[in-house]
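Participant: This is the structure I want to talk about, given as structure tokens.
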There are 4 protein chains.
Amino acid sequence: MIKVAIIGASGYTGSESIKILLNHSKAKLTYLTALPEECGAVEEIFPQFKGRCPLEIEPLDIKKLAEKADVALCCLPHKVSMGFVPILLDAGLKVVDFSADYRIRDVAAYEKYYVKHTDTKNLKHAAFGLPELFRDEIKNARLVANPGCYPTGASLAIAPLLKKGLVETDMIIVSSVTGASGAGKNPSDKFHFPNMNENLFAYGIGTHRHMPEIEQIMSEVSGQHTTVLFQPHVGPFDRGIISTVYCKPKEKLDTKQLDKLYCDFYADEPFVQVCKNAPGVKDVAGTNYCHVFPAYAKDMYVCFSAIDNLVKGASGQAIQNMNIIFGLDETLGLK
Amino acid sequence: MIKVAIIGASGYTGSESIKILLNHSKAKLTYLTALPEECGAVEEIFPQFKGRCPLEIEPLDIKKLAEKADVALCCLPHKVSMGFVPILLDAGLKVVDFSADYRIRDVAAYEKYYVKHTDTKNLKHAAFGLPELFRDEIKNARLVANPGCYPTGASLAIAPLLKKGLVETDMIIVSSVTGASGAGKNPSDKFHFPNMNENLFAYGIGTHRHMPEIEQIMSEVSGQHTTVLFQPHVGPFDRGIISTVYCKPKEKLDTKQLDKLYCDFYADEPFVQVCKNAPGVKDVAGTNYCHVFPAYAKDMYVCFSAIDNLVKGASGQAIQNMNIIFGLDETLGLK
Amino acid sequence: MIKVAIIGASGYTGSESIKILLNHSKAKLTYLTALPEECGAVEEIFPQFKGRCPLEIEPLDIKKLAEKADVALCCLPHKVSMGFVPILLDAGLKVVDFSADYRIRDVAAYEKYYVKHTDTKNLKHAAFGLPELFRDEIKNARLVANPGCYPTGASLAIAPLLKKGLVETDMIIVSSVTGASGAGKNPSDKFHFPNMNENLFAYGIGTHRHMPEIEQIMSEVSGQHTTVLFQPHVGPFDRGIISTVYCKPKEKLDTKQLDKLYCDFYADEPFVQVCKNAPGVKDVAGTNYCHVFPAYAKDMYVCFSAIDNLVKGASGQAIQNMNIIFGLDETLGLK
Amino acid sequence: MIKVAIIGASGYTGSESIKILLNHSKAKLTYLTALPEECGAVEEIFPQFKGRCPLEIEPLDIKKLAEKADVALCCLPHKVSMGFVPILLDAGLKVVDFSADYRIRDVAAYEKYYVKHTDTKNLKHAAFGLPELFRDEIKNARLVANPGCYPTGASLAIAPLLKKGLVETDMIIVSSVTGASGAGKNPSDKFHFPNMNENLFAYGIGTHRHMPEIEQIMSEVSGQHTTVLFQPHVGPFDRGIISTVYCKPKEKLDTKQLDKLYCDFYADEPFVQVCKNAPGVKDVAGTNYCHVFPAYAKDMYVCFSAIDNLVKGASGQAIQNMNIIFGLDETLGLK
């Protein structure tokens, strides 16, 4: 039984991780931490766990952590995370980190979109935790950078085309819509119910932090520098991201060929499903699945994916990564 | 042309009042105020008014107000309002006050649910602004206490039965569900979109401040001390309140008799519609209408009403009251 | 491993049952049936099961069923169900029936609200499948009538008070709001998205079929004939029912005593949680839990419950019943 | 007073047109028609008009129509409309047609996406009713083809760039999300509340009928053959369309220049607002406004617009067109 700690357990990715681990047959939650003001019994903080989880969320005590856990799911925010991850690693734990701090290999790119990086040492050894594309790296990692939600959906939508060199890499447009849980648990004007309900709008125009991450993944998959324009939107639903990816073909494949390409590429993937139609976020909500559908229209490829931003886009994928680094069946707790 | 000021214009009842007054043929918005940190161009603060309203919201200047306006819609919160209303009246304005400060005639009851009352002098002369039940009072008032949203819907649902002495007054149960705009514009945990969406819950159990107000109205209409158990709930929609009122008959009326009683009672009311079925909030959203439907089931009367909490439950009714005190057609701006 | 068939698997309770059984460690889905026009691969009919369930939904073949299954979850509608249940029992299966056909012991009451009963023979031996109140009956049953969604929530909300004789039984008011999945999967005007969204309304005034069922349960629990006025409403969310139950005390308990009464009554129940505040539907959505909260206000008891109408109100409870009749841990597949 | 008939008044565009015309100071609803099975009192068919509209919807009688109306808003579906419009014109009425039948000037393009055209005679003289781009044509028209909802929003989003020749016309990508009222009033699986709620998905991939219409408008505005890839999505809200338009610059303008270009282009337009940020659908819901925002990101123009699909995207624009052809102030009834 793997003993799992969650660092920063009081947010949405924390509660989603708890939910998954309560049903994991070979891993066991042993330690949960948060800022002092967010500590307390799990079932008080998250009423949906009443009667299901007897644990307390406590302020982090590294010694206790080292005794109680084999692996830490580190759900801290960007910038904060790189202050803790070195300590967790030094304490002998394996770490799956949810923040962006270990995702971007190019320190300059990271620093442009985030802040000065303070742990480039560990950054060098971090595996990028998108198993469908980088499973081999993950297997032997002690530190896995769990991908962003948008990059996960966007990359899986066109990875087969990129891998085969079938698209132009000078301009790929990723137009996405996320549910409102993507904004996290802190109340704000934009996400106040009477403002967000019945609303939909774009944000982060030209500046969203997931843009360099998507470019990094796509460049690695295609083997070529790939330029991506990523435009996120947010809509009035809880969970899920639809990504619609527009790109120019180097070579035209018809519907049947596209379907075959995708089915072959994802044949052994337990969590990617190739659909016959554009997927809906509701089909994947609450699951670790990514539904993809590639199409050809007006001399362009238009490729779609749907994921649950909190599961395949965060906690589910983290546990998939955890399963991999411990040599377990990758799907444990996730089917 | 009546010149209208809105005091406290930066919240939901402020913007709803602006919207209505932009279409009012005999009233004109002349002055809008808010706390300094909430001031600015109307079209910046409320993007839905871009191109439709050239006004600024400014910090309150009483002298300017007195010059610019004949009447003030006072959209300040409870307790704050009674600090300003005397000043507005002294400045020669008529006032329609949205707060609870001038609604409860029994000072002790007010002080039990709110705070110490600091303007009992004006309280004595305030008219209770529910035109369908107290129109004559309103006509000659300089100060109108605009009713609460729940009290409006609940009272109109059973006023005909109360007036005719057809129900027992020892226990009337009002079970209501409001949309989330009822919580006002300030973000909070409960109304954070991912918490409120797909949710519905009760609150204010035995303690809601509208309970004494409902009892006061029902007691006045029935001519007897009336005890009310009021239980509010909030659901995942923007606007509207469904009130379901359960009461014991003194005398049984069948469906046809009930319909006739209600149709007669509301025959001349421009904003009350007697329905043949339970009304939906969507039928009244954005309007000043109250849809009512009385029924008899299992030896009880079960009476329903639907209103828009921001219109008939607040700004629409305030403007209906304003029309009345200025001797205008009551429906101006509201049809 | 228990072999489970679902009869009528193409609707919402069918898919919810499939979802639960995919995670059940001692039961296995072996056979799924539906009307011929609704047959096909599970993952085509329910895209959320893509890659998770290789089964087909087939037209019912009794012989095949008898070979393949030990127990049938019968998800057929009222009236249809009693045409099939006798055949399923004769084929040697145990049956958990989702319809109302075996719930109402008083044939006349059934026939008043539904149709002529055609299987009174099996009706006599059916257990009423609300484990928290009738577990002993269920243990030895071959046929369990799975309760209605509203009756489940309403009964659990006040069972402790009824059992102890603390409330008047001449008039209990149950005011409930359900999510729209309660309407089933067939499109209709009222549940067309642009009509149901941002809406909330009452229905079934004095006529809802769950009224006699609630009266039956409450009468059995209280040991006295109990009269119930049940008023359902539907709101703009997918899942869940909030029931608010108003009743007159025979004896007054204060908050602390109420809490103790409920905590004691439900102490050994794995799926009932006694809360300190009114529960929200979102806290129980997707779970088999019932959250209850009893209060005392204005000389009345006001008791609340929240359940997921498709889980504790249907498929989850059915599998809880299935676990019981097979002597398994009652919570398998449901935690 | 202009006398207005609505042909096909029983759908969403019919009720929206009624709502607007009830507040129009120089036009008056005189005649409403629908299929016989959809006739009846307006206030029974649309409960939101209870007490507000005493009219009946009747089966169409051309003679009566000719007597009662000066202009017909023809809300019939594609293909049906071109069977009626010639009759309406022959009866001496002016016509604003909501269908696609008179929008596409290229008969072959129309016939590819729709059906064989049966009224090419009137097609030749129809004005395309997007006032911001084709006002002069509309002024003298007897038949106006009211634009599609998507084409309206998409075109206004980039018209200034197209007009000035600042973008490449070989590939413009329009990625839009509409609210569910876009599907019309007939219930269907996809728009059944429990399916559409909390969902979002793409549709009409490479095949949506608004694609040739958008290409026609953009080609006329740019003066060059313009190729458009249009990809619609639908989300869980009632009203509104966000269009995000991606295009390659011929020449780069920075933020300030873009803002100036748009502000100048739309300076005299009463219903187009140039925003400083990406607009939300909620800001325009219920209004005839189009909010636009142009941006430059990653060497691409990314331009946004928000409209209410039922108002600026249908009924509001139709009445704007009606005002124009009768020489009235274009904004009557719409502010």
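Participant: I'd like to know if the range D:276-283 contains one or more residues that are at pLDDT 95 or above, assigned to a loop (DSSP other than H, G, I, E, B) and small (Gly, Ala, Ser).
Facilitator: Yes, the range D:276-283 contains a residue that is at pLDDT 95 or above, assigned to a loop (DSSP other than H, G, I, E, B) and small (Gly, Ala, Ser).
Participant: Answer yes or no: is there a residue in the range A:216-231 that is out of contact with any helix residue (DSSP H, G or I) (no Cβ under 6 Å at 6 or more places or on another chain) and in a strand (DSSP E or B).
Facilitator: There is at least one residue in the range A:216-231 that is out of contact with any helix residue (DSSP H, G or I) (no Cβ under 6 Å at 6 or more places or on another chain) and in a strand (DSSP E or B).
Participant: Could you go through the range C:233-254 and let me know if any residue there is without any contact (Cβ under 8 Å) to a residue 24 or more places away in the chain and either touching a Leu at 6+ places or on another chain (Cβ under 9 Å) or at the interface with chain B (Cβ under 9 Å from one of its Cβ atoms) (or both).
Facilitator: No, the conditions are met nowhere in the range C:233-254.
Participant: As an exercise: evaluate residue D:33 against (1) farther than 20 Å from residue D:309 by Cα; (2) away from chain B (no Cβ under 14 Å); (3) surrounded by fewer than 23 Cβ atoms within 10 Å (Cβ to Cβ) and give the number of the one condition it does not meet.
Facilitator: Result: residue D:33 passes all but (3).
Residue by residue, here is whether (1) acidic (Asp, Glu); (2) within 20 Å of residue C:292 (Cα to Cα); (3) within 14 Å of another protein chain (Cβ to nearest Cβ); (4) surrounded by 16 or more Cβ atoms within 10 Å (Cβ to Cβ) holds:
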| site | (1), (2), (3), (4) |
| --- | --- |
| C:117 | no, no, no, yes |
| C:122 | no, no, no, yes |
| C:125 | no, no, no, no |
| C:134 | no, yes, no, yes |
| C:140 | no, no, no, no |
| C:147 | no, yes, no, yes |
| C:151 | no, yes, no, yes |
| C:159 | no, yes, no, yes |
| C:172 | no, yes, yes, yes |
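Participant: Separate question: Say whether the condition of being at pLDDT 95 or above, farther than 30 Å from residue C:238 by Cα and among the polar types (S, T, N, Q) is met by at least one residue in the range B:296-305.
Facilitator: no
Participant: A further question follows. Test of understanding: among C:18, C:87, which residue is among the β-branched types (Val, Ile, Thr), open to solvent by 50 Å² or more (accessible area, probe 1.4 Å) and part of a helix (DSSP H, G or I)?
Facilitator: C:87
Participant: Moving on to the next point. Go through (1) closer than 26 Å to residue A:263 by Cα; (2) touching a helix residue (DSSP H, G or I) at 6+ places or on another chain (Cβ under 8 Å); (3) assigned by TED's automatic domain parsing to the domain that holds residue A:106 for residue A:136 and report which single condition fails.
Facilitator: (2)
Participant: Restricting to the range D:216-232, and then to whatever is within 22 Å of residue A:245 (Cα to Cα) and crowded, with 24+ Cβ neighbours inside 10 Å, can you tell me which residue is nearest to the other protein chains (Cβ to nearest Cβ)?
Facilitator: Filtering the range D:216-232 down to residues within 22 Å of residue A:245 (Cα to Cα) leaves D:226-232.
Applying the additional criterion that residues be crowded, with 24+ Cβ neighbours inside 10 Å yields D:228, D:230-231.
On the way: D:228: 8, D:230: 8, D:231: 6 Å.
Restricting to residues being within 22 Å of residue A:245 (Cα to Cα) and crowded, with 24+ Cβ neighbours inside 10 Å, the top hit is D:231.
Participant: List the number of the failed condition for residue D:243; all other conditions in (1) open to solvent by less than 10 Å² (accessible area, probe 1.4 Å); (2) outside any strand (DSSP E or B); (3) closer than 30 Å to residue D:4 by Cβ hold.
Facilitator: If we test residue D:243 against (1) open to solvent by less than 10 Å² (accessible area, probe 1.4 Å); (2) outside any strand (DSSP E or B); (3) closer than 30 Å to residue D:4 by Cβ, just (2) comes out false.
Participant: Condition first: crowded, with 23+ Cβ neighbours inside 10 Å, hydroxyl-bearing (Ser, Thr, Tyr) and more than 19 Å from residue B:182 (Cβ to Cβ). Can you find one or more residues in the range B:97-104 that meet it?
Facilitator: yes
Participant: Moving on. Being among the β-branched types (Val, Ile, Thr) and out of contact with any His (no Cβ under 7 Å at 6 or more places or on another chain) is the filter here, so list the residues in the range B:177-228 that pass it. Don't jump to the end; show me each part of the working.
Facilitator: Step one: of the range B:177-228, the residues among the β-branched types (Val, Ile, Thr) are B:177-178, B:205, B:207, B:214, B:217, B:221, B:226-228.
The answer is B:178, B:205, B:207, B:214, B:217, B:221, B:226, B:227, B:228.
Participant: Shifting gears a bit: If I go through the range D:257-275 residue by residue, how many of them are assigned to a loop (DSSP other than H, G, I, E, B) and either buried (at least 21 other Cβ atoms within 10 Å of the Cβ) or modelled with pLDDT under 95 (or both)?
Facilitator: The qualifying residues number 1.
Participant: Okay, next question. Pick from B:62, B:2: which is closer than 19 Å to residue B:82 by Cα, more than 14 Å from chain D (Cβ to nearest Cβ), over 20 Å from the mean Cα position of the chain (by Cα) and surrounded by fewer than 21 Cβ atoms within 10 Å (Cβ to Cβ)?
Facilitator: Details: B:2 fails: closer than 19 Å to residue B:82 by Cα.
On inspection, the qualifying residue turns out to be B:62.
Participant: Looking at the range C:299-313 only, could you name the residues that are aliphatic (A, V, I, L, M), closer than 12 Å to residue C:240 by Cβ and open to solvent by less than 10 Å² (accessible area, probe 1.4 Å)?
Facilitator: Within the range C:299-313, C:306, C:307, C:311 meet the criteria.
Participant: It is to be established whether one or more residues within the range C:46-59 are farther than 27 Å from residue A:269 by Cα and open to solvent by less than 20 Å² (accessible area, probe 1.4 Å). Don't jump to the end; show me each part of the working.
Facilitator: From the range C:46-59, those farther than 27 Å from residue A:269 by Cα are C:58-59; that's our starting set.
Okay, now just the ones that are also open to solvent by less than 20 Å² (accessible area, probe 1.4 Å), so none.
Within the range C:46-59 (the criterion being farther than 27 Å from residue A:269 by Cα and open to solvent by less than 20 Å² (accessible area, probe 1.4 Å)), the answer is no, since none of the residues qualifies.
Participant: Quickly run through the range C:297-322 and pick out the residues that are over 9 Å from the mean Cα position of the chain (by Cα) and in contact (Cβ under 8 Å) with a residue 60 or more places away in the chain.
Facilitator: Within the range C:297-322, C:301, C:303, C:304, C:305, C:306, C:307, C:308, C:319, C:320, C:321, C:322 meet the criteria.
Participant: Oh, and also: Across the range A:276-286, which residue is surrounded by the fewest Cβ atoms within 10 Å (Cβ to Cβ) among those that are more than 10 Å from chain D (Cβ to nearest Cβ) and touching a strand residue (DSSP E or B) at 6+ places or on another chain (Cβ under 9 Å)?
Facilitator: A:276
Participant: OK, next. Return the residues of the range D:67-79 that are assigned to a loop (DSSP other than H, G, I, E, B) and open to solvent by 60 Å² or more (accessible area, probe 1.4 Å); say none if nothing qualifies.
Facilitator: Taking the range D:67-79 as the starting set, the residues that turn out to be assigned to a loop (DSSP other than H, G, I, E, B) are D:69-70, D:75-79.
Within the range D:67-79, D:77, D:78, D:79 meet the criteria.
Participant: Looking at residue B:190, is it open to solvent by 30 Å² or more (accessible area, probe 1.4 Å) and more than 13 Å from chain C (Cβ to nearest Cβ)?
Facilitator: no
The values are calculated or read from the model by the stated rules, or taken from the named source; none is laboratory data. In this text, all values refer to a predicted model and were calculated from it rather than measured experimentally. With ideal geometry, Cβ positions are generated from the backbone for all residues, glycine too; neighbour counts draw on all protein chains shown. All accessible areas refer to the heavy atoms of the entire protein, side chains included, with ligands and DNA or RNA removed. Shrake-Rupley method; radii C 1.70, N 1.55, O 1.52, S 1.80 Å.
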